[in-house]
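Working notes, beginning with the structure itself.
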Amino acid sequence: MLSIHKVLKWVTFGFEAFLAIPLIGGAFILANGWTPLFFAGVLHLLSIVFLLADKQKLVIGNLIGLVGAMLGVIPILGWALHVFTAIVLFLESIYLSKKKNEQRVEYEADL
């Protein structure tokens with residue numbers, strides 16, 4: 001079963017990966033008046049809150065994303081931060097998925 005923090009982690013990864021696409025991500029941000037950066041910041045903040053509420057410690061990717069959302073108005077730096085954030089979020093998402101599956105196997109073994 002997917003928890004809210006896991007879903008938010010994958011959603012923020014997908015959004016950051018989209019914004020990291022050269023020219024397309026930048027055009028999307030400019031066409032919408034930098035609103036996607038605000039939206040990304042809110043998503044990262046929500047992810048951090050839900051991760052900490054569920055006692056997860058994987059908030060680094062979302063913290064980098066929050067910084068990237070604030071500095072995303074700087075063209076090359078913003079792009080680099082989106083790429084880096086997407087990579088870190090992808091790795092954290094895989095780790096969260098694997099961690100939950102291992103716990104489920106241990107629980108089933110106890111039965």
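The values are calculated or read from the model by the stated rules, or taken from the named source; none is laboratory data. Values in this document were obtained by computation on a predicted structure and should not be read as measured data. Ideal geometry is used to build each Cβ from the backbone, glycine not excepted, and the neighbour counts take in all protein chains shown. What goes into the accessible areas is simple: the full protein's heavy atoms, side chains included, and nothing from ligands, DNA or RNA. Shrake-Rupley method; radii C 1.70, N 1.55, O 1.52, S 1.80 Å.
Tabulated results
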quantity	calculated
Estimated dipole of the chain in Debye, rounded to 20 [Cβ of Lys and Arg +1, of Asp and Glu -1, Cα centre]	80 debye
Fluctuation leader among T85, T35, T12 - the chain, Gaussian network, Cα springs under 10 angstrom	T35
Of all accessible heavy-atom area on region 1-74, the percent that carbon and sulfur account for (1.4 Å)	83 percent
Contour excess over end-to-end distance, with Cα ends at A53 and I4 and 0.36 nm allotted per residue	16.6 nm
Relative contact order (percent, whole number), the chain, Cα cutoff 8 Å, 6+ residue spacing	33 percent
Span-rule helices in the chain, defined as complete DSSP H runs reaching 18 Å or more along the axis (Cα) with Kyte mean at least 0.5	4-19, 35-53
Å² per residue, accessible surface of the chain at 1.4 Å	61 Å²
